[in-house]
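Student: Pasting a structure here, questions to come.
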Amino acid sequence: MRRTLGGAAGGQIAATFVAGGTVPGLPALTGFTTTFAMAALVLICCAIAALPIPAPHPRPNPDPPAVPSETGASLRQV
């Protein structure tokens, strides 16, 4: 849900920048450049905000590993 809302809000903000930088009837390059800069800045902010999140630790395996039989017998190939 957050991703959908974030995408909708980001799309509207990007459209505002593109529409704000128009020459008569056509979008100018400055609108796209501003939109790219805004997206890059948001990406950097999100990456910095994610740094303090700890890495997941592997779960301990509840089943012990299989131990070969004491007789040394192996499975026969059929």
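Student: Starting from the Cα-Cα distance between Cys45 and Thr16, subtract it from 0.36 nm times their residue separation and give me the gain in nm to one decimal.
Tutor: Values: separation 29, 0.36 × 29 = 10.44 nm, distance 2.09 nm.
Computed gain between Cys45 and Thr16 is 8.4 nm.
Student: Any chance you could run the full-extension gain for Leu5 through His57? It's 0.36 nm times the residue separation minus the Cα-Cα distance, nm to one decimal.
Tutor: Numbers: separation 52, 0.36 × 52 = 18.72 nm, distance 3.06 nm.
Value of the extension gain: 15.7 nm.
Rule-based calculations on the coordinates, nothing more; no lab input. Everything quoted here is computed from the prediction, not taken from an experiment.
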